[in-house]
Amino acid sequence: MAAKWAQKTIILPPHKRGCHLITSQVMKEIQSDLATFKCGLAHLFLQHTSASLTINENYDSDVLDDVETFLNDTVPEGRKARWKHVLEGPDDMPAHIKSSMFGCSVT
């Protein structure tokens, strides 16, 4: 039996800074492809250097709030932060670091 695979580029609408659930948006985009498979893997890759992907529970919205609080406490921005890369604004370097912490892909 030949291996089957599908590849799709998904363009998500812009989101303000923070943690966001994108499950329903991704599922909407791949729903028609899912019908052709009995089992498999999905690999999501984000082509952006100041955003990241992570898998968390979404039953309790406090989880996203707590993750965001942790990230903002761990990777500060503004005048007190001592980042050298500030050409694109005070929030740019913290976004790159946060992206590096979680990564830009999930499987």
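One table, with the values for the structure above:
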{"quantity": "Computed [θ] at 222 nm, helices only, for the chain once each DSSP H run of length n ≥ 4 contributes -39500 (n - 2.57)", "calculated": "-10500 deg cm²/dmol"}
{"quantity": "Helix 23-34 axis, angle to the chain major axis (alpha carbon atoms, nearest 10°)", "calculated": "20 degrees"}
{"quantity": "Extension gain, residue 20 back to residue 83 (0.36 nm per residue minus Cα-Cα distance, nm)", "calculated": "20.1 nm"}
{"quantity": "Tilt relative to the chain, helix 92-102 - C-alpha long axis, 0 to 90 degrees, to 10", "calculated": "50 degrees"}
{"quantity": "Phi-based couplings in Hz for segment 5-21 (Karplus 6.51, -1.76, 1.60; Gly and Pro marked x)", "calculated": "8, 9, 10, 8, 8, 10, 10, 8, x, x, 10, 5, 4, x, 9, 9, 7"}
{"quantity": "Total charge dipole magnitude, the chain, about the Cα centre, Cβ charges on Lys, Arg, Asp, Glu only, Debye to nearest 20", "calculated": "460 debye"}
{"quantity": "Prolate/oblate/rounded label for segment 43-106 (Cα gyration tensor, a/c 1.5)", "calculated": "oblate"}
{"quantity": "Cα-based shape type of the chain, given that a ≥ b ≥ c are square roots of the gyration tensor eigenvalues and the cut on a/c is 1.5", "calculated": "prolate"}
{"quantity": "Using a Förster distance of 30 Å, the FRET efficiency for residue 8-residue 100 (Cβ separation, nearest 0.05)", "calculated": "0.70"}
{"quantity": "Pairwise label distance in nanometres, residue 92 with residue 35, each label 7 Å out on the Cα-Cβ vector", "calculated": "4.5 nm"}
{"quantity": "Linear extension gain, residue 44 paired with residue 65, 0.36 nm per residue minus alpha-carbon span", "calculated": "5.3 nm"}
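Read-outs: derived from the displayed coordinates by stated rules, not from any lab. Since the structure is predicted, the reported quantities are computational estimates derived from the model, not experimental observations. Glycine gets a Cβ as well: all are built from the backbone with ideal geometry, and neighbour counts include every protein chain shown.
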